[in-house]
Amino acid sequence: MIRPTVFFSAAIGLLTMVSPARADQSDPRLVPLFQTLQRTSDAQQVQVAVLQIWQIWYETKNQQAAVLLQTGERDVTRGRLDDALAVFDQLVAGAPDFAEGWNRRATALYLLGDYEGSINDCLKVLALEPRHFGALWGLAEMRRVRGEEALALEAYERALAIHPHQDGSRDAVNALRAKLKGRAL
């Protein structure tokens, strides 16, 4: 016989996993932050806006998703990439509308050398949050590493259109444009 407290705890855990975990991509706080990225050249304002955007993307009302996100991040930091991937697999299975879960799994896959899997997860992130400049940057890097320069350039340009102050993006765009232009001659 299942004890009521065990059953109740399991039921709460299951309900938590299927409750919305959305990273609040539609959060109205994001609009002025993205506008700041477009309008200012002040490095401090840009830094504050970027940090606040990431904070909103990491937010979730789903406590289980939050725990899995933190656990996976800790595993990545400790170099336990296979463990991190298993945690992020649980996260995206239980909270498929949480863009940051997909983004974190894309990062783990990238670090494990699974570029195809990482690209697919970046595309999922972008389907949920088209302004996710981190996923665009990652997508561009993987496309570049795979020799897909035109696709890399497209992703870098999309990232710059959203976050024009992103370190290294402008240099990467210029280098890829020059390389692609040289091939066209």
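Any read-out appearing in this document is the output of simple, stated calculations on the displayed coordinates, not a laboratory observation. Because the structure is predicted, anything quoted here is derived from the model rather than measured.
Observations on the structure shown:
- Sequentially through the range 130-143, phi angles give Karplus couplings (6.51, -1.76, 1.60; θ = phi - 60°) of x, 8, 6, 5, x, 5, 5, 4, x, 4, 4, 4, 5, 4 Hz, Gly and Pro residues having no value and appearing as x.
- Computed over all pairs of different Cα atoms, the Kirkwood value for the hydrodynamic radius of the range 41-107 is 12.5 Å.
- Helix 169-184 and the longest principal axis of the Cα set of the chain meet at an angle near 60°.
- Average projection, convex hull of the Cα set of the range 133-185: 3.1 square nanometres.
- Residue-span extension gain [Asp114 to Ala150] - 0.36 nm each, minus C-alpha spacing: 10.9 nm
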